[in-house]
Amino acid sequence: MSAERVRAATRVCYACGAATTAPAVRCDCGEPLWLPEVTDPTETDAPGMWRHAGLLPVDSPGGVADAVGDTPLVASDAVADFAGVDVSLKLEGHAPTGSFKDRGSALAVAAVEAGYAGDVRAVGTVSHGNMAMSTAAFAASADLPCVVLVPDDIPESRLGVIAQYDPTVVRVDGDYGRLYERSLELGREHDIAFLNSDVPLRVEGQKTTAVEVCLDAAPDAIVMPVSSGGHASGAWKAVRELHAAGRIDQIPDLHFVQASACAPIDEAFARGDDTVASVDGGETIAYSIANADPPSGDRVLTAARDTGGTVTSVDDDATRAALDTLARAGISVEASCAVALAGTRELVQSGRLDSDAEVAAIMTGTGLKEASGSADTARATVDSLDTVLGGVGVER
Ligand SMILES: *Cc1c(COP(=O)(O)O)cnc(C)c1O
Ligand SMILES: [Zn+2]
């Protein structure tokens, strides 16, 4: 076995340090596992995220995977004015299925094909949104069967987007929250690799968002929305690895933002607790991040404290104001991402983020899949169009 292969086949626990060579997802202590830390600075001319070959356990298998990563980092004066700080936006909506989940799906599916998840005949996931679309797309590209477990009441429109990649979709009636653990058990019995939100191989791919941000911009702080904690875990692993390798001088503060209607990690952080208790989540427009019982919640608390960051939450009005600001800058994101901009503003106003800092906010997914604008239209006939057009822009 080559050194690379050993590395990808081992999983370690960030909390208790235990290591295993089984393709396990969680440690006996209950915490999520991840791959051992790597510090190899090798970069290749591979496309997208695959350029950081020294940090990744596998190379791109080609196909749509080559379109993942290397997303733009942009700045806008209007957005900076709103936030009260110099903030750049990492536009993960540019990924093939429109969210950062593609980084995790692309890497995890490639690693499954390379045998790192054991002998499996299919991949699967538990999701009603972006992760389902993303996993199904990369499974299709690898010609691997894919099972997607969705809640029974999933909106038809979202089902249609998932279905275009032709996975086996199962609507599951009953306690959808229990499915995370249950799917992992069933996956072992049926030789299906469930690539759920925070499994080690997914985290390994999702760390590349923060790798790119740090190497492109070396910000003082990174602000991102958090739900299960899989993306946040990747960001934490990325900054640790880059710092250990001497590729960044300073570890940026990692700030995590939730929607206040469903904010178990924020509540635990505010109490000073080390563990996250599940909550009875309420409704929010940021439905992609409404996880009432986040599987990597404790790891997120550790990441925030370890880096000098925080966890906070914002209500839907604050999120709508951020969405409007972004839209007026020409940027369409999901409500779940606007939460990160609203959170940045809140952290500056409350003094937890220095207004002199250079901040990167992660816009985790495109808004083009969800219609959030209300169309205010003018009407005309071909003959009256002249008058209407004469008024365009006059009141600006
Ligand atoms: C999944 C998702 C998140 C949350 O990521 P976690 O890894 O579950 O914390 C945030 N934004 C968007 C758009 C997502 O799809
Ligand atoms: Zn452990």
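The values are calculated or read from the model by the stated rules, or taken from the named source; none is laboratory data. Predicted, not measured: the structure shown is a model, and the values here were computed from it. Cβ placement follows ideal geometry from the backbone for every residue including glycine, while neighbour counts extend to all protein chains displayed. All accessible areas refer to the heavy atoms of the entire protein, side chains included, with ligands and DNA or RNA removed. Shrake-Rupley method; radii C 1.70, N 1.55, O 1.52, S 1.80 Å.
Checking the condition out of contact with any Phe, Trp or Tyr (no Cβ under 6 Å at 6 or more places or on another chain) and open to solvent by 50 Å² or more (accessible area, probe 1.4 Å), which residue from 218, 235 passes?
218
Can you list residue pairs whose Cβ atoms sit under 8 Å apart, with the first residue in the stretch 18-36 being open to solvent by 40 Å² or more (accessible area, probe 1.4 Å) and the second being part of a loop (DSSP other than H, G, I, E, B) and more than 10 Å from ligand 2 (Cβ to nearest atom)? Count only pairs 6 or more apart in sequence or on different chains.
19/10; 19/36; 20/10; 21/10; 23/117
Does the stretch 269-281 include one or more residues that are open to solvent by less than 10 Å² (accessible area, probe 1.4 Å), touching a residue at least 40 places away in the same chain (Cβ under 8 Å) and either part of a loop (DSSP other than H, G, I, E, B) or not hydroxyl-bearing (Ser, Thr, Tyr) (or both)?
No, there is no match, as no residue in the stretch 269-281 is open to solvent by less than 10 Å² (accessible area, probe 1.4 Å), touching a residue at least 40 places away in the same chain (Cβ under 8 Å) and either part of a loop (DSSP other than H, G, I, E, B) or not hydroxyl-bearing (Ser, Thr, Tyr) (or both).
Could you check, for the stretch 300-314, whether at least one of its residues is open to solvent by 10 Å² or more (accessible area, probe 1.4 Å), closer than 17 Å to residue 363 by Cα and of a type in the set (Lys, Arg)?
No, the stretch 300-314 has no match at all.
What is the residue count in the stretch 126-159 for residues that are part of a helix (DSSP H, G or I) and either modelled with pLDDT of 90 or more or on the phi > 0 side of the Ramachandran plot (or both)?
Qualifying residue count for the region: 14.
Could you tell me whether residue 359 is touching a residue at least 40 places away in the same chain (Cβ under 8 Å) and among the hydrophobic types (A, V, I, L, M, F, W, C)?
Here the answer is yes, as residue 359 does meet what is asked.
Take the residues in the stretch 101-125 that are part of a helix (DSSP H, G or I) and of a type outside the set (A, V, I, L, M, F, W, C); name whichever of them is most open to solvent (accessible area, probe 1.4 Å).
Across the stretch 101-125, the extreme among qualifying residues is 113.
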